[in-house]
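Remarks on the structure that follows.
The values are calculated or read from the model by the stated rules, or taken from the named source; none is laboratory data. Everything numeric here is computed off the predicted structure, so don't read it as measured data. Every residue, glycine as well, gets a Cβ built from its backbone with ideal geometry; the counts of neighbours run over all protein chains shown. Accessible surface is based on the protein model in full, side chains and every heavy atom, while ligands, DNA and RNA are left aside. Shrake-Rupley method; radii C 1.70, N 1.55, O 1.52, S 1.80 Å.
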Amino acid sequence: MRVAIAGAGLAGLACAKYLVDAGHTPIVLERRDVLGGLVAAWKDEDGDWYETGLHVFFGAYPNMIQLMTELGIEDRLQWKEHTLIFNQPEKPGTYSRFDVPDIPAPINVITSILRNNDMLTWEQKIRFAVGLLPAIVRGQKYVEDMDKYSLLEWLQKQGIDDRVNSDIFIAASKALTFIDPDDVSATIPLTALNRFLKERYGSKVAFLDGSPTERLCQPMVDYITERGGEVRLNAPLKEIVLNDDGTVKEYLLRGLNGAPDEVLQADIYVSAMSVDPLKVMLPQVWRKQEFFQKLDGLEGVEVINIHLWFDRKLTDIDQLLFSRSPLLSVYADMSNTCKEYANSDRSMLELVLAPAKDWISRSEEEILNATMTELQKLFPQHFTGENTAQLLKHKIVKTPRSVYRAIPGRQAYRPSQKTPIANFYLAGSYTMQEFLGSMEGAVLSGKLAAAAIAEDYPAPTEPKKSPVAIGG
Ligand SMILES: Cc1cc2nc3c(=O)[nH]c(=O)nc-3n(C[C@H](O)[C@H](O)[C@H](O)COP(=O)(O)OP(=O)(O)OC[C@H]3O[C@@H](n4cnc5c(N)ncnc54)[C@H](O)[C@@H]3O)c2cc1C
């Protein structure tokens, strides 16, 4: 069957990939001229890549790893040493590490916490461990129930020291959701922690060996098109046109550069757009249904991705770093972490500015100046004294609406991939799946949408490949 999918982010592409596996014919429609949505990347005038976001993969991403294996590109994941590295604001230019030994989970993660003496005292470690016990013992159900609390409220309820909050959870919360612990739902960091405590390599980090657009999205497009599907860029969905019974009749695509609008008909329709454009496009009659009304409880969160190219090497650390800065979240020297961006003489820092609510409408100059001030704390040896590092160029990518804002209570608003409309499905990392607003969540949501379609509309012909297991 023909399945029209609006949105060529990871969710839309994964959905199309699994639909061709199930014997269907997907047509993916992307409004922009670039693949990938929130993982989209571009080349500047010098041929250097810049990206919507600094992206890392975790060992606890079963569906992403399986997808890359099926595409034959799993070797593009560059796995790093099993460690989490935090800057120490009180000792500028120094780091505190949680080195995870290669022994079974959860002892490996627990050992890394017990061994770290810079960030936590013994009393804090014990309180922290006791506070986490219910999450470990009672599992994901408990973790989901904690969605009613902010992380800060939950930590206070567990009697966990404020220092643990400021030291570890602000960093984790900003890295996972781009918001602070007093805003973020407790479910988010607890979900991540639970995974890290369950899986030996769950917290191990990998970087892609190049730009996500070329190295991850393009192989998905090739896979889809080689098997009869289609992926069209510059094809914005303008309207979801309905039949009298409220099912989808057709997608109306906006004609660009003076071209007329185009009608696209299929048997089944999927929205793999992010939640904000979907809400705008919902047909009036659907808005009366509770399923679609709930989407009003979801909206994308602001985030800014900053790229700085320097005239020298600032660090040789080949890993993600948690800045613990009020302005910034995580950062990495991509000249060390990513094969295609490698440079042995010069650093290219990619830094995530979050929370970005108060920064999203500020000028590039203001953002750049504030970031450079933070760098004096992160790399004092290169930004104080006489021979300071020189910034060669920069790129700043602002995303006013990225992943859904994961404040308390949002789990109840996240929709299933199957909707009350017989021929309309949803994919996107905001839809319900346990990996939250992540690349893994996007891939899983696309896979779940494809599985729901394959179940409701089995392909008349033999599937080209047997359906694959959904990792969880
Ligand atoms: C700065 C940043 C850092 C991140 N870091 C990480 C990380 O380290 N690890 C991780 O796992 N995740 C990370 N994420 C999250 C991850 O990128 C997202 O969860 C994931 O890519 C979302 O994919 P998606 O397909 O659900 O949505 P999107 O990527 O938003 O895709 C939606 C697509 O729909 C298209 N679209 C919208 N409207 C229309 C229309 N009318 N017609 C046609 N197409 C339309 C959009 O252009 C877009 O391509 C990060 C995100 C950002 C922004």
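In debye, nearest 20, what is the charge dipole magnitude of the chain about its Cα centre with +1 on Lys and Arg Cβ and -1 on Asp and Glu Cβ, if you could check?
860
Could you work out [θ]222 nm for the chain from helices alone, using -39500 (n - 2.57) per DSSP H run of at least four and dividing by all its residues? Round to the nearest 500 deg cm²/dmol.
Calculated mean residue ellipticity at 222 nm is -9000 deg cm²/dmol.
DSSP H helices in the chain with Cα extent of 30 Å or more along the helix axis and mean Kyte-Doolittle hydropathy at least -0.5?
Counting only whole DSSP H runs, no helix qualifies.
Which entries in the list Lys174/Lys398; Lys313/Lys398; Lys204/Lys398; Lys294/Lys418; Lys313/Lys357 go over 24 Å, if you measure between the two C-alpha atoms of each?
Beyond 24 Å between Cα atoms: Lys313/Lys398; Lys204/Lys398; Lys313/Lys357.
For a label point 7 Å from the Cα of Lys148 along Cα→C-beta, name the residues of the range 410-429 whose backbone N is under 16 Å from it.
It comes to 410-413, nothing else.
Pop out the carbon and sulfur fraction of the accessible area of the range 344-472 as a percent, whole number, probe 1.4 Å. Please report the intermediate quantities before stating the final value.
Values: 3040 of 5850 Å².
That fraction is 52 percent.
As a test, work out the antiparallel percent of DSSP beta bridges whose residues both lie in the chain, rounded to the nearest 5.
70
Given Gly255, Pro236, Leu152, which one lies farthest toward the positive end of the charge dipole of the range 118-259, if we put +1 on the Cβ of every Lys and Arg and -1 on the Cβ of every Asp and Glu?
Leu152
Run the dipole for the range 303-399 about the Cα centre, Lys and Arg Cβ at +1, Asp and Glu Cβ at -1, nothing else charged, and hand back the magnitude in debye, nearest 20.
180
Carbon and sulfur together cover what percent of the accessible area of the range 231-272 at a 1.4 Å probe radius? Before the final figure, lay out each step's value.
Numbers: 850 of 2110 Å².
Taking all protein chains in place, the range 231-272 shows 40 percent carbon and sulfur surface.
Quote the charge dipole size of the range 98-203 about the Cα centre in Debye, to the nearest 20; the model charges only the Cβ of Lys and Arg (+1) and of Asp and Glu (-1).
With only Lys, Arg, Asp and Glu charged at Cβ, the dipole is about 380 debye.
With contacts defined as alpha carbon pairs under 8 Å and 6 or more residues apart, what's the relative contact order of the range 303-399 in percent?
Details: 172 pairs, mean separation 39.7, N = 97.
Relative contact order, the range 303-399: 41 percent.
Hey, what do the phi angles of the range 73-90 turn into as Karplus ³J(HN,Hα) couplings, whole Hz, using 6.51/-1.76/1.60 and θ = phi - 60°, x for Gly and Pro?
Here the 3J(HN,Hα) series is 10, 5, 6, 7, 7, 9, 6, 9, 3, 7, 7, 10, 10, 10, 5, 10, x, 6 Hz.
Once you keep just the Cα pairs under 8 angstrom separated by 6 or more residues, what percentage relative contact order results for the chain?
Relative contact order comes out at 25 percent.
When the solvent-accessible surface of protein heavy atoms is calculated with a 1.4 angstrom probe, in what order do Thr69, Thr187 fall, highest first?
Result of the area sort, largest leading: Thr69, Thr187.
Mind checking which lysines have their C-alpha under 17 Å from Lys395, skipping anything on the same chain fewer than 8 residues away?
Lys43
Where the accessible area of the range 1-72 is counted over protein heavy atoms with a 1.4 Å probe, how much of it, in %, is carbon and sulfur?
49
May I ask you to give the solvent-accessible area per residue for the chain, in square angstrom, as obtained with a 1.4 angstrom probe?
Accessible area per residue: 41 Å².
Taking only the Cα atoms of the chain, how large is their convex hull per residue, in Å³?
Details: hull volume 70.2 nm³, N = 472.
Dividing the Cα hull volume of the chain by its residues yields 149 Å³.
Hey, which aspartates and glutamates would be in cross-link range of Lys125, C-alpha to C-alpha under 13 Å, not counting anything within fewer than 8 residues on its own chain?
Candidates past the 8-residue exclusion: Asp161, Asp162, Asp167.
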